[in-house]
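To start, the structure itself, in structure tokens.
The values are calculated or read from the model by the stated rules, or taken from the named source; none is laboratory data. This one's a predicted model, so the numbers in the text were calculated from it and none came from an experiment. Cβ: placed from backbone, ideal geometry, glycine included. Neighbour counts: every protein chain shown.
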Amino acid sequence: MDAFDVFVEKISLHNKLVNSEQMEQAKGFQVQNPGIALIDVLFRARLLKKEHVDAIHESYRRQAGVAAGTGSQPHSTSVAPVANVAAGAVPTTISGRIQRYFEILKNANGSDLHLVVNCPPLMRKDGRFLQLDPGVLGAKDCEALLMSVLDEERRQRLLKQQYLDTSLSLGQDRYRVCILKQKNGWDGSFRLIKNKLMTPNELGLNEKVLMELMGYHQGLVLVTGPSGCGKSTTVAAMLEIVNRARECHIITLEDPIEYVFTSVKSHFSQRQLIEHTASFSAALRAALREDPDVIMIGELRDFETASLAITAAETGHLVISTLHTTSAIRTISRLIDMFPADQRQQVRMMLSEAMRGIVCQKLIPMQSGPGRALAAEVMINTPAVGSLVRKEQYLQLPSVLQTSLTKGMRTMDMSVQELFKAGTISGEEAYFAAENQAPYLQFAPKED
């Protein structure tokens, strides 16, 4: 026990907050779980209330000569052991304050935690922000909270680069972490990664179509949409289909690693940018020599990665990746525009043959109750689609999608309309989500 634990024991017993038997049990638990402060054991056992914890900290600060109101504490109110299964070592403990925010985020089924200087801590839930504490975070508070989740190696990398993308594991929970420097100090966001891999039906996608796409042994499959629309979750569901269906070597190249897979029939090699490889393109080159069947690339960010992905798709591998585009037409245009002008016709030819399908997603707030509904545009590479891609006649693609429902294709507007007619989303949300807003003009927000 350190000095603070001794102080906690003395105050708790003196004020009869706990009895001697309860204290001995708490100390015994602490011995079995090194790194957890005694006050945290008592708080988690509900022997101490939050106001007791705060009062003990304040009293200890006064006794130790620590100025109140600076945002620093000799110990946190809830300290938990950390073990990162994805990559590298992590600190033994994290700040209790940020641990409490993580617990709120998880229990409320939120998606992201945002810690921003001069703002209160915020949780994103169903696309909307909710405040977690009444006060704003000062620069020192924010820095202390964010640095507490990093080991020394990551801390030094953050200080050198002024930003950091990584992953964090807390027990059974995993987070995608982004920390960066801005004019007021350090900001951070944490995306909670669901423990359970969801099925296409649970996501609101056509399971038959996804199983068909994952049944290919070579080709390119793209999942696209704006940030936060569930692309990573859909890709994970696709990989799990392969994992359960056939024996494959699946290599994932991620920034950072999000979902951690358990081998069923397939086996996985999961690599993280910076931690395990310098770039997607370098990792992709190496992957082609590792006898892969399926390669998942976190994002097609540049010409070199896109070029290698298409080549891999042509040479006997199933390649799955993502782009930040909002329709099948924009996806094909963006992908081809990555290449120099004199190569684009050749790339169109390659893509018309190598591409297997595009799934474009949007998450739309539900009309009643919590949660968001998934609207998805689906394009399968049929001979008609391939011909239009080769001829650069992209504007005719929506017509093919509209007339190919039996093949599982649909436009984004068709998906939005289905959700609206079913009463899942409101007319106003349909107006904002649709490409063609004309059917929903009556629901457009009225100007004051």
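Where helices (runs of 4 or more DSSP H) fall wholly inside the range 395-448, the ranges with 2 or more residues that are more than 22 Å from Ser333 (Cα to Cα) and modelled with pLDDT of 95 or more are 412-421, 427-433.
Selection over the range 153-194 of residues that are touching a residue at least 12 places away in the same chain (Cβ under 8 Å) and either in a helix (DSSP H, G or I) or on the phi > 0 side of the Ramachandran plot (or both) gives a count of 7. Within the range 251-277, being of a type in the set (D, E, K, R), in contact with a strand residue (DSSP E or B) (Cβ under 7 Å, 6 or more places away or on another chain) and over 17 Å from Gln172 (Cα atoms) holds for Glu254, Asp255, Arg271.
Restricting to the range 154-176, count the residues that are modelled with pLDDT of 90 or more, more than 14 Å from Glu143 (Cα to Cα) and surrounded by fewer than 20 Cβ atoms within 10 Å (Cβ to Cβ). So the answer is 4.
How about the range 118-132: which of its residues are surrounded by 18 or more Cβ atoms within 10 Å (Cβ to Cβ) and of a type in the set (Lys, Arg)? Selection gives Arg124 alone. Take the residues in the range 291-319 that are under 23 Å from the mean Cα position of the chain (by Cα) and acidic (Asp, Glu); name whichever of them is modelled with the lowest pLDDT. The selected residue is Asp302. Inclusion of Leu213 among residues that are outside any strand (DSSP E or B) and under 30 Å from Ile241 (Cβ atoms) is warranted. Screening Ile274 against (1) free of Cβ contacts under 8 Å to residues at least 60 places away in the same chain; (2) on the phi > 0 side of the Ramachandran plot; (3) of a type in the set (A, V, I, L, M) leaves a single unmet condition, (1).
Among the residues of the range 245-264, those identified as part of a strand (DSSP E or B) and among the β-branched types (Val, Ile, Thr) are Ile250, Ile251, Thr252.
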